[in-house]
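Peer 1: I have a structure I would like to understand better, so I am pasting it below and will then ask my questions one at a time.
Just so it is clear, none of the values below were taken in a lab; they were calculated from the coordinates. Bear in mind that the values here come from a model prediction, so they are computed numbers and not experimental data.
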There are 2 protein chains.
Amino acid sequence: MRSLTVCAAFEEEELNRLAEIVQLQRVDAHQTIFSEGDSAMNLFNVTAGTVKLYKLLPDGRRQITGFLFSGDFLGLSVNDRYAYSAETVAVTSICRFPRRQMELLLDEFPKLQRRLFSMASNELAAAQDQMLLLGRKTAREKIASFLLGLSQRAVRRGQRENPVQVPMSRSDIADFLGLTTETVSRTFTQLKANGIIRLLEGGKVQIADRRTILEIAEGG
Amino acid sequence: MRSLTVCAAFEEEELNRLAEIVQLQRVDAHQTIFSEGDSAMNLFNVTAGTVKLYKLLPDGRRQITGFLFSGDFLGLSVNDRYAYSAETVAVTSICRFPRRQMELLLDEFPKLQRRLFSMASNELAAAQDQMLLLGRKTAREKIASFLLGLSQRAVRRGQRENPVQVPMSRSDIADFLGLTTETVSRTFTQLKANGIIRLLEGGKVQIADRRTILEIAEGG
DNA sequence: CGTCCCCCTTGATGCACATCAAGGCATCTG
DNA sequence: CAGATGCCTTGATGTGCATCAAGGGGGACG
């Protein structure tokens, strides 16, 4: 029960009911949680670690549609199938909610439903930002936006905004931003050379010049 | 009241209550419905015509995040501000729901909330498809996907799937697909030359070879 | 402790699409 | 009806990022 308090931001009464149906599990890095097209049996909540969501084209081209961190939900589905695949980036802990039982709870607690809806709305807004990024930003702007985004989300989770933790590989970043690993690498190098960022140990990135990176991100 | 039946797919009891707060209005082509950042006073439902949603970068670069047709909703907001701008593509009829009153109704009719949630989920799935398109598809694949998407949505609205109605300009298509008008135009010309589509009067496009265009869209 | 492997970086080259430019055609307007 | 205007198409050229290629460094493991 106690451990459940880490299970996202729910309220007292809801928590008790959620506790009855939830299952907490730890997942190693680079493990598939579910695949696109799988029957959507569960809803998940990340409580620690990092998860990536992605879609594939038949020839293997990949688009990562989002990274999830502590507090984020995944598994919302359309007509009972997952619309994307989910894989851990690092060691991760997730809460698993059987979908059927979750739906019953939603009927019982409209507030809960409301919260989920508001989360979906936020995701939708994020998705639109990402479309703007993918369709209209340059490589440099994409990387700047990406770093800022990570930083801002870290703050919302109560972590430090700088240096930014970047737990995913260059290849994952590339597939998230619609670039190649080489371009991602070159762009990092270039931002470093400009004194805008510093690459630290353990996948951390120090934002040395926040103002400039903000300008770059917005197309300045 | 009668005219309200065109206001999307709601149920008897809900409809009566919705009728009290709704306002139907007709809007000319190329009119702004609301702008990104505006205080989100209303929720809208398109009952006829076409609307585009878009986001801008400070230097004017534009990404259209979606086109809306009869039955589609717009105006979901995060922290009371619209996350994008909305503009009519052609003459359009929309239902307007004051947001405050809509929220009260949502509390009263959980089913209504459920329906909105499911719509948001669908939009989210569509947004992820669009990310895949923007990040990883070629111009040819983008155009093929775009035409198929329009065709499929037309079917869902009960219209004919072929020829496809394409009410938006080349420039709008370009900003939706992350291309330029020139590339859109050239790609149409090329698909026409290959005998895969035919360009008809009045912005209609005949899909001559559905199988091939499907293959192209999925990266075949 | 050496070797393998993966990830990252850097360099050289190529190409898909952008940019720049111009002309056609339909619609609008005084 | 002449001129203006907006949208589309087509051609010539440019370029940002992809592709191809190779080497370096760190962690895993025998």
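Peer 1: For chain A, what is the calculated [θ] at 222 nm in deg cm²/dmol (nearest 500), taking -39500 (n - 2.57) for each run of four or more DSSP H residues and dividing by its residue count?
Peer 2: -13500 deg cm²/dmol
Peer 1: Further question on the same structure: For segment A:210-220, in order, what is each residue's ³J(HN,Hα) by Karplus, 6.51 cos²θ - 1.76 cosθ + 1.60 with θ = phi - 60°, in whole Hz (x at glycine and Pro)?
Peer 2: Along segment A:210-220, the couplings run 5, 4, 5, 5, 5, 4, 4, 4, 8, x, x Hz.
Peer 1: Further question on the same structure: Using alpha carbons only, how many degrees (0 to 90, rounded to 10) separate the axis of helix B:12-21 from the longest principal axis of chain B?
Peer 2: 80 degrees
Peer 1: Let me ask something else. What is the Cα convex hull volume of segment B:81-220 when expressed per residue in Å³?
Peer 2: Details: hull volume 19.5 nm³, N = 140.
So the per-residue Cα hull volume is 139 Å³.
Peer 1: Could you tell me which of the pairs A:Lys137/B:Lys192; A:Lys137/B:Lys111; A:Lys111/A:Lys137; A:Lys142/B:Lys204; A:Lys55/B:Lys52 are separated by over 32 angstrom between their Cα atoms in the structure shown? Show your work: numbers first, answer last.
Peer 2: Numbers: A:Lys137/B:Lys192 30 Å; A:Lys137/B:Lys111 40 Å; A:Lys111/A:Lys137 38 Å; A:Lys142/B:Lys204 36 Å; A:Lys55/B:Lys52 25 Å.
Where the Cα-Cα span goes over 32 Å, the pairs concerned are A:Lys137/B:Lys111; A:Lys111/A:Lys137; A:Lys142/B:Lys204.
Peer 1: Could you pull out every residue, at least 5 positions away or on a different chain, whose amide H is within less than 5 Å of the one on A:Thr50? Hs are placed 1.01 Å off N in the peptide plane, and Pro or chain starts have none.
Peer 2: Correct list: A:Val89, A:Ala90.
Peer 1: Restricting to Cα atoms and excluding each atom paired with itself, what does the Kirkwood estimate give for segment B:2-130 in Å? Before the final figure, lay out the partial values.
Peer 2: Values: mean 1/r = 0.0659 Å⁻¹.
The Cα-based Kirkwood calculation yields 15.2 Å.
Peer 1: Using the eigenvalues of the Cα gyration tensor, what equivalent ellipsoid semi-axes result for segment A:137-217 when each is taken as the square root of five times the eigenvalue, whole Å, largest first? Mind showing how you got there, number by number?
Peer 2: Working: eigenvalues 62, 41, 31 Å².
Whole-Å semi-axes of the equivalent ellipsoid: 18, 14, 12.
Peer 1: Also, I was wondering about something else. Rounded to whole Hz and in sequence order, give me ³J(HN,Hα) for segment B:62-79 from the Karplus expression 6.51 cos²θ - 1.76 cosθ + 1.60, θ = phi - 60°, writing x for Gly and Pro.
Peer 2: Values, residue by residue: 10, 10, 7, 9, x, 10, 10, 10, 3, x, 7, 9, 8, x, 4, 9, 10, 5 Hz.
Peer 1: What's the angle, to the nearest 10 degrees (0 to 90), between helix B:99-108's Cα axis and the longest principal axis of chain B?
Peer 2: So the helix axis and the longest Cα principal axis differ by about 70 degrees.
Peer 1: Using θ = phi - 60° and the Karplus curve 6.51 cos²θ - 1.76 cosθ + 1.60, what whole-Hz ³J(HN,Hα) does each residue of segment B:29-41 get, with Gly and Pro shown as x?
Peer 2: Working through the residues one at a time gives 5, 6, 10, 7, 8, 7, 10, 3, x, 4, 4, 7, 7 Hz.
Peer 1: Could you work out the relative contact order of chain A? I mean the mean sequence separation of Cα pairs under 8 Å and 6+ apart, divided by the number of residues, in percent.
Peer 2: Working: 352 pairs, mean separation 42.4, N = 220.
Here the relative contact order equals 19 percent.
Peer 1: Still on this structure, please answer the following. On average over all directions, what projected area in square nanometres does the protein assembly as shown have, based on the convex hull of its Cα atoms?
Peer 2: Working: hull surface 87.0 nm².
Average projection, Cα convex hull of the protein assembly as shown: 21.7 nm².
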